[in-house]
Amino acid sequence: MTQFLDIAGLCARIDADGQEKEILRGVDLSIPPGEVHAIMGPNGSGKSTLSYVLAGREDYEVTAGSVTFQGQDLLAMEPEERAAAGLFLAFQSPIELPGVNNANFLRTAVNAVRRARGQEELDAVAFLKTAREASKALSMAPDMLKRNVNVGFSGGEKKRNEVLQMTLLQPSFAILDETDSGLDVDALRIVAEGVNRLRSPSFSALVITHHQRLLDYLVPDRIHVMAKGRIIHSGGPELAKQIDSEGYTRFLAEAA
Amino acid sequence: MNAIIKDPSASLVPFKARLDAVTDPARRAALGALHRVGLPDRRVEAWKYTGLRFLNETAFATAPQEIDRVKARAELERLGLTLGEAASLPRLVFVNGRYAADLSVEPENVDLTFFSKMQAFGSLSSPDRDALTALNAALATDGVQLTVPAGIDAGRLLLVSLGQAADPISFHPRHSVTLENGANLSLLCVQSGEGRYLHNPVMELSVADNARLQHLTIQTEGDDAACLATLYAQIEEHGSYDSFVLGLGAALSRHEVHARLNAAHAQVHVNGAQRLQGRQLGDVTSVITHAAPDCNSRQTVRNVLDGQSRGVFQGKVLVERIAQKTDGYQMNQALLLSETAEIDAKPELEIYADDVKCSHGATVGALDDEQMFYLRSRGVPEAEARQILIHAFLAEALGLIPDELAQTIATRIMELRFPVTGEA
């Protein structure tokens, strides 16, 4: 138990076309405050499901286990309550919101979270100043604040917009679900730097990735290997290089 | 067989005394047609989805002469029409269907008269084919008769209708707007009121060669009112009629547009949005006739329906044999916010030319789960997330209003009825 994020025996399933499908089969994972952990694993191992279940997506049914986040029962909370409590999920495929202006969206989100945290809301001027500075630091085009949320954004722009939201919402725990996929090296570096800027004793992150490359820029404290709905191996940052050269076969064989 | 033939004039009982008093020969044809067919019931195909029971329940009297000017001014203010840029616009205000000169600021650069002074019925409407047009023709007492002379850009003009009904009344304004060659006008109609009343306007719109008429109608009538409007537009060569109706109010409303593209390269937009709740019924009906080649028609109507409300969309596009190279597009979209809300959509294409491009489509759905989750995962509470997505759905439709100030006024009036909580 770390008293920050503790996942114990977590099982979850989804109803796919009338069939119950078990995806998480007993996930145990603890992340202490101030640490960045990475999850790697083959496709279909349940990495994205874990991130959705933590963020509160209703499509998944939790059948067993618990998640304690800073002493609170995370699974009992609404998605917006989890956000207010400090959890943030950077989506693997960010959702487009036609007709919703990006700056308005960001300000609504920031103020909703500030309200819930008992902080004063930001007025339009103060917010825009903060948002402009944060988007500039992520090398985002200035017009991206004026456009509709993620509509017509390239893959890389969408991912940067996720990191922008994370920066503005100031979470204590961020889940980055394949935020590196579809990014070129420069974009990858910018995104990783965006996350690194948030690193502090009061910020933890769970980074889901397929590639060692991201972890070169965003060095994790721990790496976990996930397969068939469970964490089957954990180790230090050196594990990334081992997986990159050997693949998952050895871990899968050991776990079997 | 007699048992199933109902007496058409039975439907006219709510107006009987007033119709019996009509003596004017100019109105006699309309009156005859009205007595022959009566007001339509749901066995009439064009009224299949929209019943007029509202009209059968009470007798509708002529509006009293005196109006409450203090209340009327307060209403103009509430609607935001006396604020900011809107305050400087010329405006023609009708209260209970009668022109109120002291509440109005008349426009310059246009020829303006009133139906009460010069009873001209125009030639575009067809009282023999449409009972509500006939009812209007029989009972009309006032209305604006406006001409924008050739080559003049008359800018924006507000045309406001306010209903003030202590007892049930009906008013039947008769408007006519003519744009001569190359003229321009942005017409903003705002309709509001309180009490039980029937607002039954007929508007003829004539757009000459190279003229451009932009026309926004904001219908925010009282909760206990009915608004049954019929518009007839004719567009000549290279002319354009760009219209949008925003339906928010009234227990029962129908906005029926007959648009005729009468010469080559004419263009018409019959766009709209409705946002209904409770037991409201809102009907957007249009008949667009392509009567010349190389014309273009566009129609997008979006509905947001909550409670037990019902939206009706009937859109007919008629392409005559001569109308080659017609380009027509029609889309009706509905967002249903409750299990008991309903949309009835009837698109109709009738095409006699062989070289045309006409498309139409319809979508019906609920709020998107993924979009809801995305917003909530950013800390936005569920109720607010719903409001944001509803607003966005309508904002995209309102984006079709070409005049930016008109768009701002429409958005503001919509937010008066449906406040957006906490949004930036």
Counting only strands (runs of 3 or more DSSP E) wholly inside the range B:79-195, the ones holding at least 2 residues that are in contact with a Phe, Trp or Tyr (Cβ under 6 Å, 6 or more places away or on another chain) are B:153-164, B:169-171
In the range A:123-139, what residues are touching a residue at least 60 places away in the same chain (Cβ under 8 Å) and surrounded by fewer than 12 Cβ atoms within 10 Å (Cβ to Cβ)? none
Looking only at the range B:301-323, decide whether some residue is within 14 Å of chain A (Cβ to nearest Cβ) and either under 22 Å from B:L216 (Cβ atoms) or in contact with a Pro (Cβ under 6 Å, 6 or more places away or on another chain) (or both). yes
Would you check which residues across the range B:88-104 are among the aliphatic types (A, V, I, L, M), free of Cβ contacts under 8 Å to residues at least 60 places away in the same chain and surrounded by 14 or more Cβ atoms within 10 Å (Cβ to Cβ) and list them? B:A100, B:L103
Just need a number here: residues in the range B:148-173 that are aliphatic (A, V, I, L, M) and over 21 Å from B:L231 (Cβ atoms). 5
Condition (residue is out of contact with any His (no Cβ under 8 Å at 6 or more places or on another chain), surrounded by 14 or more Cβ atoms within 10 Å (Cβ to Cβ) and under 19 Å from B:Q407 (Cβ atoms)) applied to the range B:63-80: is it met by at least one residue? yes
The condition of being more than 15 Å from the chain's Cα centre (by Cα) and facing another protein chain (nearest Cβ under 7 Å) holds, among A:V113, A:V67, A:V62, only for A:V113
Looking only at the range A:123-139, which residues are within 12 Å of chain B (Cβ to nearest Cβ) and either under 27 Å from A:V185 (Cβ atoms) or touching a helix residue (DSSP H, G or I) at 6+ places or on another chain (Cβ under 8 Å) (or both)? A:A124, A:F127, A:L128, A:A131
Is it fair to say A:E120 is at the interface with chain B (Cβ under 8 Å from one of its Cβ atoms), over 25 Å from B:A395 (Cα atoms) and either touching a strand residue (DSSP E or B) at 6+ places or on another chain (Cβ under 8 Å) or surrounded by fewer than 17 Cβ atoms within 10 Å (Cβ to Cβ) (or both)? no
Would you mention how many residues in the range B:295-314 are farther than 23 Å from B:A264 by Cβ and crowded, with 18+ Cβ neighbours inside 10 Å? 13
Being surrounded by fewer than 21 Cβ atoms within 10 Å (Cβ to Cβ), among the basic types (K, R) and at pLDDT 95 or above: is that true of B:R129 here? no
Every residue from the range A:98-110 that is surrounded by 21 or more Cβ atoms within 10 Å (Cβ to Cβ), at the interface with another protein chain (Cβ under 7 Å from one of its Cβ atoms) and not polar (S, T, N, Q): A:V100, A:R107, A:A109
Need a quick list: helices (runs of 4 or more DSSP H) entirely within the range B:15-57 having at least 3 residues that are assigned by TED's automatic domain parsing to the domain that holds B:D128 and hydrophobic (A, V, I, L, M, F, W, C). B:25-37
Taking the range B:266-280 and keeping only residues that are under 12 Å from B:G249 (Cα atoms) and surrounded by fewer than 23 Cβ atoms within 10 Å (Cβ to Cβ), one is left with B:Q277, B:G278, B:R279
For the range B:316-325, how many residues meet the condition of being in a strand (DSSP E or B) and either over 25 Å from the mean Cα position of the chain (by Cα) or hydrophobic (A, V, I, L, M, F, W, C) (or both)? 3
B:D111 being in contact with a Lys or Arg (Cβ under 8 Å, 6 or more places away or on another chain), more than 13 Å from B:L158 (Cβ to Cβ) and either modelled with pLDDT of 95 or more or among the basic types (K, R) (or both): no
The condition of being closer than 30 Å to B:R279 by Cβ and modelled with pLDDT of 90 or more holds, among B:A63, B:A101, B:A87, only for B:A63
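The values are calculated or read from the model by the stated rules, or taken from the named source; none is laboratory data. Note that the structure is a prediction, hence the values are computed from the model and not measured. Positions of Cβ are backbone-derived with ideal geometry, glycine not excepted, and every protein chain shown enters the neighbour counts.
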